[in-house]
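The values are calculated or read from the model by the stated rules, or taken from the named source; none is laboratory data. The structure presented is a predicted model; accordingly, all values stated were derived computationally and were not measured. Note that each Cβ is placed from the backbone with ideal geometry, even for glycine, and that neighbours are counted across all protein chains shown.
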Amino acid sequence: MSPPHPKLQTQAPGDGGPVVPARVLWSADRRTLSIDGSWTTAALARLGPTPAELNQSTEAVILDGSGLTGLDTAGALLVHRLVQRLRGQGREVQLAGFDARRLALLDLVAERLAVEAEALGQQGPPPRPTGLERLGRLVVEGGREGFALLSFCGEVCLAFAQSLLHPARFRWRYVLSVLEHDGVRSIPVLGMLSFLLGVVIAYQAGVQFRVYGGNLYVVDLVGITVLRELGPLMTAIVVAGRSGSAYTAQIGTMQVTEEVDALRSIGVSPLDLLVLPKILGLVIALPLLTVFADVAAVGGGMAMSALMLDVSPEVFIRRFPEAVSINSLLTGVAKAPVFAAAIATVGCYQGFQVRGGADSVGRHTTASVVRALVLVIALDAAFSVAYSWLGI
Amino acid sequence: MELRGIRTCFGSACIHEGLDLSVRRGEILALVGASGSGKSVLLREMILLRRPTAGQVRLFGEEAPAIDGPTANRLRRRIGIMFQHGALFNALTVLENISVPLKEQTSLSAPVIRDIAMLKLVLAGLPTDAAYKYPEQLSGGMHKRAALARALAMDPDLLVLDEPGTGLDPVGADALDELIRDLHGSLGLTVAMTTHDLDTLWRVPHRVAFLAERRILATGTMDELTRSDDPRLAAFFQGPRARAARSGTWSRA
């Protein structure tokens, strides 16, 4: 016999009156299993174990429901499972003391569960993939995505080629809006970050140079690293975080709300309207931003040199053209349009990959930034290799 | 459930003024009214998601307190809500969606919760293979049914449906009407719903409350409301669409 539960007299949450917890009582002499109390969702949580003696015999039992004070579908489900288990032990079960409404509820549950069991025989939850399977899926997925990105690039190139034939139909106004939003408005944050970058480089270099008395070489170091490498890279990182993610979110949201399909149905190519102006705008904006970032970073280096290394701005500026050739600037700025195309293409591509709801937008926005950064740094490495081959 | 002297204002615009409405135990009450007459707002006040500017809300014979207090939470557990657009959690499968209230509000074991959730799923008329799908993979009708299944998860005393048939084709809407009636019959639910659908109005609710001019203008069975010669009711219940819906019911009966 299951012991009465200590919380017997407490009130169930969410109910006005006292709720008697659900119980199962076995009376051996009458061969009766009585269920009493409230078999409702709130009270079921405290259902004790069923009597152990029941497992020892296989004789017929009577299931007495006259003590029930409440029965809802969850309760009916458990009653049904109880009956199923008893019958599974090979005994006959007779229901007694249930009123018509409760019997109807039990019938309803049994009938629906039969439907469920029949269908469920064929399938359970989808199995979790094993490690090897997951690796395989990852590889296939990666390959497919690379291919999809490549074909997206192809589509974009084709669309560009078509716009070249009809330049009047190109959405120049959107290009201007991109220049404003992703170019002009990123100047403050980019300026600040680049200035600080210059300060950090000058400081780190200065600590070393001062030991050897080569203070003036800070100009060479700051100038060359900033113009060749860090300026373009910093700009690309800021723009990938700021604009690439925004492109994904914008196109992704439009995809969710079926605006992209609406555009297609009106006969406007989403590529023409949403992608080409962004790519072109960013390809124009990024080199300009890079030059700005270069100036800010060199300015930061100059300030730090004056404060720490006794290299006055005058000296710094006089030394600068001697130390840094125009090539450094050009090789740096030349990278910017390539970075820009990569960031905008990845951002837009990820936007079009959005399926379903809001969480998908978030996932793809993250993916967009991560992929864009990886791509930018890989491209930067490729540029370094190429420049060294060309001897620039 | 009782509302007394409800007044709701958004800034200076009041959409309810001295509104009274009650839902009796075990009945299906439909709230109708023109678009923008504040049906959904009234529904949100019933389920304690919104506080009226003035007036009294009584639920299950208890005075409803501040909407963020523990008492409100306790009362809310006895209400199952199906939102207009389903409001299923997109990140969870259908079965997980239905399990959420059970997991949060009971201490039942995981297999039992799964069992109960599966039962609610079939009760709402969904095929079992929908259990492991995500909401985005469901059709409109299945989406509504999944939302209904989640509303039923805790075996609520009061089921609130906001526009259950909206966005469904006639066959789907008919099936949903049937389902609501069935569930009401077998589970003894009290149901409060809003709807625009005249076919639904003829077939599902016991009583209909007509919301207009910032209050409940009339309450009664569809027959009573249709026979009324009040011009405002007549426009709603005796237009061409209303007549078609009515004759439809009769031919089906």
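Considering the range B:94-140, and only residues there that are at pLDDT 85 or above and of a type in the set (Gly, Ala, Ser), the residue that is farthest from B:Gly172 (Cα to Cα) turns out to be B:Ser99.
Remark: B:Leu179 falls outside the filter, which requires a residue to be at the interface with chain A (Cβ under 9 Å from one of its Cβ atoms), modelled with pLDDT of 80 or more and outside any loop (DSSP other than H, G, I, E, B).
One line per residue, one yes/no per condition, for (1) more than 14 Å from chain B (Cβ to nearest Cβ); (2) in contact with a strand residue (DSSP E or B) (Cβ under 6 Å, 6 or more places away or on another chain); (3) over 22 Å from A:Gly223 (Cβ atoms):
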| site | (1), (2), (3) |
| --- | --- |
| A:Lys278 | yes, no, yes |
| A:Val291 | yes, no, no |
| A:Met302 | yes, no, no |
| A:Leu307 | yes, no, no |
| A:Ser328 | yes, no, no |
| A:Thr331 | yes, no, no |
| A:Ala341 | yes, no, yes |
| A:Gly362 | no, no, yes |
| A:Ala372 | yes, no, yes |
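Given the criteria part of a helix (DSSP H, G or I), under 33 Å from the mean Cα position of the chain (by Cα) and farther than 27 Å from A:His181 by Cα, does A:Ser245 qualify? So A:Ser245 does not fit the description; no.
Number of residues in the range A:251-262 that are buried (at least 17 other Cβ atoms within 10 Å of the Cβ) and out of contact with any Ser or Thr (no Cβ under 8 Å at 6 or more places or on another chain) equals 4. When B:Gly165 is tested against (1) surrounded by fewer than 19 Cβ atoms within 10 Å (Cβ to Cβ); (2) touching a residue at least 12 places away in the same chain (Cβ under 8 Å), only condition (1) is not met.
One line per residue, one yes/no per condition, for (1) under 22 Å from A:Gly231 (Cα atoms); (2) at pLDDT 90 or above; (3) of a type outside the set (S, T, N, Q):
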residue	(1), (2), (3)
A:Gly267	no, no, yes
A:Gly281	yes, yes, yes
A:Arg318	yes, yes, yes
A:Ser328	yes, yes, no
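Where helices (runs of 4 or more DSSP H) fall wholly inside the range B:29-139, the ranges with 2 or more residues that are within 9 Å of another protein chain (Cβ to nearest Cβ) and farther than 29 Å from A:Glu111 by Cβ are B:70-76.
Among the residues examined, A:Arg371 qualifies as crowded, with 19+ Cβ neighbours inside 10 Å, assigned to a helix (DSSP H, G or I), modelled with pLDDT under 95 and among the basic types (Lys, Arg). A:Ser186 fulfils the conditions (1) over 25 Å from the mean Cα position of the chain (by Cα); (2) within 30 Å of A:Ala306 (Cα to Cα) except for a single criterion, (1). The number of residues in the range A:353-383 that are touching a residue at least 24 places away in the same chain (Cβ under 8 Å) and over 22 Å from the mean Cα position of the chain (by Cα) comes to 3.
In the range B:87-117, which residues are crowded, with 23+ Cβ neighbours inside 10 Å and either in contact with a His (Cβ under 6 Å, 6 or more places away or on another chain) or closer than 13 Å to B:Ala146 by Cβ (or both)? Answer for the range B:87-117, where residues must be crowded, with 23+ Cβ neighbours inside 10 Å and either in contact with a His (Cβ under 6 Å, 6 or more places away or on another chain) or closer than 13 Å to B:Ala146 by Cβ (or both): B:Leu88, B:Val94, B:Asn97, B:Ile98, B:Ala117.
Scanning the range A:90-121 for residues that are surrounded by 14 or more Cβ atoms within 10 Å (Cβ to Cβ) and more than 14 Å from every other protein chain (Cβ to nearest Cβ) gives A:Arg91, A:Val93, A:Leu95, A:Gly97, A:Phe98. Per the listing B:Leu211, B:Leu201, the residue uniquely in contact with a strand residue (DSSP E or B) (Cβ under 9 Å, 6 or more places away or on another chain), assigned to a strand (DSSP E or B) and either among the basic types (Lys, Arg) or buried (at least 19 other Cβ atoms within 10 Å of the Cβ) (or both) is B:Leu211.
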